Amino acid sequence: MIVNKESLRTKNMSALLSSINAQLKQTAPRALETYFDIKHITQRVVQESLTDDDQVRLALPDGHQQAHVRRILDAAGINIDDYPSSKVNRRPKIAFNNFFIKVIRPQDMPLQVANGNFDLAITGRDWLTDHLYQFPQSPVRELLDLKYGKVRIVAVVANEVPVSSSAELQQMRQSQPNYCRIAAEYVNIADNYARVNHLGAYRVVPTWGATEAFLPEDADVLIENTETGSTIARHNLKVIETLFESTACVIGSTREAESKFKTERMSSFVSLLRKALETMI
């Protein structure tokens with residue numbers, strides 16, 4: 001089948017494509033059947049005319065999240081080769097045309113999406129929140145809750161500190177002349193916590209893991225993530241407030257893509273994941 005490129009872009013051919021789609025669905029594999037819906041049958045027709053502006057750039061997480069992400073991708077029928085990678089391949093291949101994938105750190109993703117380097121990314125709501133505290137006008141938003149990797153973002157102090165809540169910590173800090181030291185990987189969440197709770201003069205101490213080791217010698221408060229709280233308790237620490245709960249999520253930009261083909265592909269990708277989650281629950 002051949003078509004006129006401009007006609008395909010400007011005219012409503014839904015009736016014709018619906019008829020073709022009905023025939024394709026009788027024999028198409030499940031992943032392609034879902035992906036090449038009425039809008040996406042055109043992908044194979046105009047493949048040669050697509051440009052770099054039509055390419056969807058997707059960021060997938062490295063580290064411990066990879067197994068969870070792969071499980072959802074498999075359930076969605078999305079075949080990605082060499083992810084997770086035993087060779088630490090940062091650019092795995094996907095079966096979909098005009099998709100580019102790169103494996104990066106989840107904490108880098110919100111800013112990368114905001115800067116337009118990626119269209120979609122799978123990260124944690126914790127890192128999205130940290131980004132939005134720093135850049136309230138950022139165009140990045142959550143598109144889909146993936147419902148795995150659930151953790152609590154908490155405020156933590158040493159057991160010997162005579163407070164059991166952030167309100168009590170605020171009262172105690174009013175009589176303290178020294179800076180309140182807040183250690184966290186989430187530097188912007190920590191900064192927001194200090195300001196919202198009126199902790200007076202404070203310093204945020206950036207960390208890169210093993211944050212619990214900072215108390216009590218090198219910090220007064222931690223902003224940390226925890227699943228069960230057992231690690232915190234084991235280090236003679238206690239939670240005084242849960243700030244919010246975080247799970248993995250798909251993020252994207254509120255900016256409208258210039259290419260309608262890119263927009264449709266992004267929408268289809270997210271829809272595949274959403275339908276997969278419904279079958280997994």
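The values are calculated or read from the model by the stated rules, or taken from the named source; none is laboratory data. What you see is a predicted model, and the numbers here were worked out from it, not measured in a lab. Counting neighbours? That spans all protein chains shown, and the Cβs are built from the backbone with ideal geometry, glycine included.
Where helices (runs of 4 or more DSSP H) sit wholly within the stretch 1-83, those with at least 3 residues that are under 26 Å from the mean Cα position of the chain (by Cα) and at pLDDT 70 or above occupy 66-75.
Yes or no: the stretch 153-167 includes at least one residue that is hydroxyl-bearing (S, T, Y), modelled with pLDDT under 95 and in a loop (DSSP other than H, G, I, E, B). Steps first, answer last, please.
In the first step, residues of the stretch 153-167 are kept if they are hydroxyl-bearing (S, T, Y); the result is 164-166.
Checking which are modelled with pLDDT under 95 leaves us with none.
There is no residue in the stretch 153-167 that is hydroxyl-bearing (S, T, Y), modelled with pLDDT under 95 and in a loop (DSSP other than H, G, I, E, B).
Of the helices (runs of 4 or more DSSP H) that lie entirely inside the stretch 179-281, those containing 3 or more residues that are crowded, with 18+ Cβ neighbours inside 10 Å span 187-196, 260-280. Taking the residues in the stretch 138-150 that are over 12 Å from the mean Cα position of the chain (by Cα) and modelled with pLDDT of 95 or more as candidates, determine which candidate is nearest to N192 (Cα to Cα). It comes out as S138. Here D191 does not fit the description of being of a type in the set (D, E), farther than 14 Å from L237 by Cα, in the same structural domain as K102 (by TED's automatic domain parsing) and touching a residue at least 12 places away in the same chain (Cβ under 8 Å).
For V239, indicate whether it is without any contact (Cβ under 8 Å) to a residue 40 or more places away in the chain and under 27 Å from the mean Cα position of the chain (by Cα). Steps first, answer last, please.
Numbers: without any contact (Cβ under 8 Å) to a residue 40 or more places away in the chain: no; under 27 Å from the mean Cα position of the chain (by Cα): yes.
Taking the combined requirement at face value, the residue does not satisfy it.
Table: residues versus (1) more than 20 Å from A248 (Cα to Cα); (2) not small (G, A, S); (3) not in a strand (DSSP E or B).
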residue: S86; (1), (2), (3): yes, no, yes
residue: N89; (1), (2), (3): yes, yes, yes
residue: V103; (1), (2), (3): no, yes, no
residue: Q107; (1), (2), (3): no, yes, yes
residue: P110; (1), (2), (3): no, yes, yes
residue: F118; (1), (2), (3): no, yes, yes
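Only one residue in A95, A121, A114 is out of contact with any Phe, Trp or Tyr (no Cβ under 6 Å at 6 or more places or on another chain), loosely packed, with under 15 Cβ neighbours inside 10 Å and of a type in the set (A, V, I, L, M), so which one is that? First the steps, then the outcome.
Working: A121 fails: loosely packed, with under 15 Cβ neighbours inside 10 Å; A114 fails: loosely packed, with under 15 Cβ neighbours inside 10 Å.
After ruling out the rest, the residue left standing is A95.
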